[in-house]
Amino acid sequence: MTPTELDAILQDGHPGAFRLLSPLGRRAAMPLGIPQQSEQARGALRKATIGQITDGAGFPLALPSIARHYAGFADTTALLYSSQYGLAPLRAAWRQRLDLPEGAPASVPVVVGGITHGLSLCADLFTGPDVPVVIGTPYWDNYDQIFTMRTGAPLVTYPFFGPDRRFNLAGLAAVLARLDGPAVVLLNFPSNPTGYSPYPDEAAAIVSLLAAHPHPVCIVCDDAYNTLYFDPALYGKSLFGALAAAVDRSRALVCKVDGATKELVFFGGRVGFLTFSADGAAGQALAEKAASILRGTVSSLNTPSQVAVLGALTSPTLAAESAAVVAVLAERYAALRDALAKNGLAALPFNSGCFALLPLPDHQDAETLRQRLLKEFDVGVIAVPSANALRIAFCSIEAADIPDLAARILAGLG
């Protein structure tokens with residue numbers, strides 16, 4: 001479709017999404033280019049369309065030195081291009097995995113090249129120099145590159161934690177009250193770098209606050225660490241479904257960015273998903289806009305990785321395998337919580353994900369301490385200068401080694 005046709009669909013089916021589109025988002029549309037013409041010729045007797053080297057019957061004329069690494073794939077078309085939207089069966093399987101509540105509209109996900117790529121597409125579609133991105137601080141430092149560096153969108157911050165050491169709903173509300181035009185609100189739970197996720201009352205309050213916001217708002221759920229919850233009292237799932245069911249489509253859109261990176265422990269696969277709180281023709285129009293920008297940047301995505309993720313999603317042992325990994329992380333989480341307490345080290349509240357954030361006394365500098373820990377105590381952690389804190393990734397260290405890690409950090413502070 002043309003941009004005008006897609007925009008007309010959104011004006012009719014999801015006015016909020018149309019109001020939120022950036023100039024690039026308004027222009028985005030999939031042309032009748034090579035991939036589309038090739039797809040239309042799929043059933044042709046003689047197919048001389050797309051520039052893939054095949055055996056003439058649609059299968060790759062693969063070099064054995066490459067093909068042998070993918071011998072376990074039943075379908076050798078894993079070595080061919082995929083659609084700009086991603087493999088259709090994979091999109092359908094991930095959509096089913098979302099397990100959304102009744103009344104929550106959702107598009108069929110577009111496959112993206114990892115979480116950062118999905119967030120970048122959101123930035124392209126919905127931000128610009130005049131569209132603030134509201135986010136709690138401290139936050140993942142790559143948001144600066146994704147939003148401000150790439151699209152010029154200013155980050156408007158509030159303290160992530162309130163005085164009660166829970167999610168700072170009042171801080172978010174105060175920022176929202178100052179807005180009178182389109183904005184993006186970024187929610188990252190479990191949080192990087194704090195490792196915090198909301199409890200049910202916090203989740204309900206966040207949804208109510210955002211649903212009542214009177215101005216156009218695109219809510220982006222960065223669900224990179226979804227499924228990694230260790231406190232049974234947590235809300236324990238993405239806010240996307242509840243938000244999608246609650247917001248008014250005349251002024252609000254919700255985007256969910258998630259993927260196989262952490263949920264399926266497939267870091268090198270770079271398979272993520274972008275889902276919009278829009279169904280039917282409006283959902284397809286947004287997916288087409290995202291896919292058209294994808295085509296203009298990376299052309300299409302890694303097919304072998306997509307095939308691997310699809311195979312995992314259809315495996316009868318996937319749930320048990322995932323639970324086993326979460327159990328390992330839960331043990332490490334408990335070990336770090338106990339070790340910090342034993343050594344008198346007070347982290348910010350953490351209950352999920354992969355991280356804990358350790359604030360430092362005013363007389364200590366995070367970067368200076370990071371370097372000292374590395375050089376003198378053989379410890380690697382991440383400095384978060386904006387919070388003058390150290391981020392500890394307990395996901396990457398065995399539980400048995402965590403007490404020693406905490407003891408070395410304490411010694412470095414001394």
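The values are calculated or read from the model by the stated rules, or taken from the named source; none is laboratory data. Just so it is clear, the model here is predicted, and its values are computed rather than measured. Please note: Cβ atoms are built from the backbone with ideal geometry, for glycine as well, and neighbour counts cover all protein chains shown.
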List every residue pair whose Cβ atoms sit under 9 Å apart, with the two residues 6 or more apart in sequence or on different chains, where the first one lies in the stretch 298-309 and is under 12 Å from residue 266 (Cα atoms) and the second, anywhere, is assigned to a loop (DSSP other than H, G, I, E, B) and of a type in the set (Lys, Arg). 305/270
Might you check whether a residue that is in a loop (DSSP other than H, G, I, E, B) and within 17 Å of the chain's Cα centre (by Cα) occurs anywhere in the stretch 278-291? no
All but one of (1) part of a loop (DSSP other than H, G, I, E, B); (2) in contact with a Pro (Cβ under 6 Å, 6 or more places away or on another chain); (3) under 28 Å from residue 86 (Cβ atoms) hold for residue 250; state the number of the condition that does not hold. (3)
Any residue in the stretch 354-378 that's in the same structural domain as residue 391 (by TED's automatic domain parsing) and β-branched (Val, Ile, Thr): show its pairings with residues that are assigned to a loop (DSSP other than H, G, I, E, B) and at pLDDT below 95 at Cβ separation under 8 Å, as long as the two are six or more apart or on different chains. none
So, in the stretch 51-94, of the ones that are β-branched (Val, Ile, Thr) and part of a helix (DSSP H, G or I), which residue ends up nearest to residue 28 (Cα to Cα)? 77
In the stretch 360-398, what residues are over 24 Å from residue 161 (Cα atoms) and either modelled with pLDDT under 95 or surrounded by fewer than 18 Cβ atoms within 10 Å (Cβ to Cβ) (or both)? 368, 371, 372, 374, 375, 376, 377, 378, 380, 396, 397, 398
Residue count, the stretch 95-123 (criterion: not hydroxyl-bearing (Ser, Thr, Tyr) and not in a helix (DSSP H, G or I)): 16
Within the stretch 13-37, how many residues turn out to be without any contact (Cβ under 8 Å) to a residue 40 or more places away in the chain, surrounded by fewer than 21 Cβ atoms within 10 Å (Cβ to Cβ) and farther than 20 Å from residue 81 by Cα? 2
Please verify whether residue 289 is in contact with a Cys (Cβ under 9 Å, 6 or more places away or on another chain) and in contact (Cβ under 8 Å) with a residue 40 or more places away in the chain, treating the condition exactly as stated. no
Report, by residue number, each residue of the stretch 338-351 that is assigned to a helix (DSSP H, G or I) and more than 11 Å from residue 399 (Cβ to Cβ). 340, 341, 342
Among the candidates 65, 120, single out the residue that is at pLDDT 95 or above and among the polar types (S, T, N, Q). 120
Hey, any hits in the stretch 216-223 for a residue that's assigned by TED's automatic domain parsing to the domain that holds residue 112, part of a loop (DSSP other than H, G, I, E, B) and surrounded by 24 or more Cβ atoms within 10 Å (Cβ to Cβ)? yes
Taking the stretch 224-279, which residues are aromatic (Phe, Trp, Tyr) and either surrounded by fewer than 24 Cβ atoms within 10 Å (Cβ to Cβ) or modelled with pLDDT under 95 (or both)? 229, 230, 235, 266, 267
Would a scan of the stretch 124-134 turn up a residue that is out of contact with any Asp or Glu (no Cβ under 6 Å at 6 or more places or on another chain) and free of Cβ contacts under 8 Å to residues at least 40 places away in the same chain? yes
